[in-house]
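Colleague: Below are the structure tokens for one structure; questions will follow.
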Amino acid sequence: MSRHAITTTGAPAAIGPYSQGIVGGDLLFCSGQLGLDPATGELVDGGVEAQAERAMRNLTAVLDAAGLTFGDVLKTTIYLARIEDFATVNGIYAAFMPDPAPARSTFAVGALPKGGLVEIEAIARRA
């Protein structure tokens, strides 16, 4: 199986040794997106709401670079710095997802890179 990287300036550059997305076969694995501004590489102001929306927009950019949309997403994982933010992030996430929404897992974690409050990753299928 061949694989190749997906990159876009519409999402922040990787802050470590990983790709924004990697295609293997008919699947696209999108790396977790924080609420980072792609232009500055810094977290957006406005708390968890702003970071969740930015993370979803970053994920949109990676999907778009692969010619995909949220309608192609099969599974997402959300990492929260505080489980108390679940309902807030859930509402923002829902605004981006078509019906039926993909399968999803959500976890509270000890900490996220750069002090982020939310990180979202996805797996999508290429037709």
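Colleague: Could you please tell me which pairs satisfy a Cβ distance under 6 Å, a separation of 6+ or placement on different chains, a first residue in segment 29-47 that is closer than 19 Å to His4 by Cα, and a second residue that is open to solvent by 30 Å² or more (accessible area, probe 1.4 Å)?
Modeller: Phe29/Ile22; Phe29/Ile123; Cys30/Glu121; Ser31/Tyr18; Gly32/Glu119; Gly32/Glu121
Colleague: Would you check which residues across segment 114-127 are surrounded by 13 or more Cβ atoms within 10 Å (Cβ to Cβ) and within 25 Å of Leu43 (Cα to Cα) and list them?
Modeller: Lys114, Gly116, Leu117, Val118, Glu119, Ile120, Glu121, Ala122, Ile123
Colleague: Okay, moving on. Give the residues of segment 74-127 that are over 23 Å from Val23 (Cβ atoms) and among the small types (Gly, Ala, Ser), sorted by residue number.
Modeller: Residues satisfying the conditions are Ala81, Ala87, Gly91, Ala94, Ala95, Ala108, Gly110, Ala111, Gly115, Gly116.
Colleague: Could you list all residues from segment 14-28 that are crowded, with 16+ Cβ neighbours inside 10 Å, part of a loop (DSSP other than H, G, I, E, B) and of a type in the set (Gly, Ala, Ser)?
Modeller: Listed by number, the list holds a single entry, Ser19.
Colleague: So, in segment 29-48, how many residues would count as being of a type outside the set (A, V, I, L, M, F, W, C) and either crowded, with 19+ Cβ neighbours inside 10 Å or touching a helix residue (DSSP H, G or I) at 6+ places or on another chain (Cβ under 6 Å) (or both)? It would help to see each step written out before you state the result.
Modeller: Step one: filter segment 29-48 for residues of a type outside the set (A, V, I, L, M, F, W, C), giving 31-33, 35, 37-38, 40-42, 45-47.
From what's left, either crowded, with 19+ Cβ neighbours inside 10 Å or touching a helix residue (DSSP H, G or I) at 6+ places or on another chain (Cβ under 6 Å) (or both): 31-33, 35.
Here the count works out to 4.
Colleague: Is it the case that segment 59-69 has a residue that's touching a Cys at 6+ places or on another chain (Cβ under 9 Å), in contact (Cβ under 8 Å) with a residue 12 or more places away in the chain and under 16 Å from Val89 (Cα atoms)?
Modeller: Checked segment 59-69: at least one residue is touching a Cys at 6+ places or on another chain (Cβ under 9 Å), in contact (Cβ under 8 Å) with a residue 12 or more places away in the chain and under 16 Å from Val89 (Cα atoms).
Colleague: Go through (1) open to solvent by 60 Å² or more (accessible area, probe 1.4 Å); (2) over 23 Å from Thr9 (Cα atoms) and name the single condition Thr106 misses.
Modeller: Result: Thr106 fails condition (1) only.
Colleague: Right, here's the next one. Does segment 70-79 contain at least one residue that is among the hydroxyl-bearing types (Ser, Thr, Tyr) and open to solvent by less than 30 Å² (accessible area, probe 1.4 Å)? Lay out the reasoning, then the answer.
Modeller: Step one: list which residues in segment 70-79 are among the hydroxyl-bearing types (Ser, Thr, Tyr), which gives 76-77, 79.
The next check asks that each one be open to solvent by less than 30 Å² (accessible area, probe 1.4 Å); those that pass are 76-77.
Yes, segment 70-79 contains at least one residue that is among the hydroxyl-bearing types (Ser, Thr, Tyr) and open to solvent by less than 30 Å² (accessible area, probe 1.4 Å).
The values are calculated or read from the model by the stated rules, or taken from the named source; none is laboratory data. The shown structure was predicted, so the numbers you read here are calculated from the model rather than taken from an experiment. Using ideal geometry, Cβ is built from the backbone for each residue, glycine included, and neighbour counts are taken over all protein chains shown. Just so you know, the surface numbers come from the protein's heavy atoms only, side chains and all, with ligands and any DNA or RNA stripped out. Shrake-Rupley method; radii C 1.70, N 1.55, O 1.52, S 1.80 Å.
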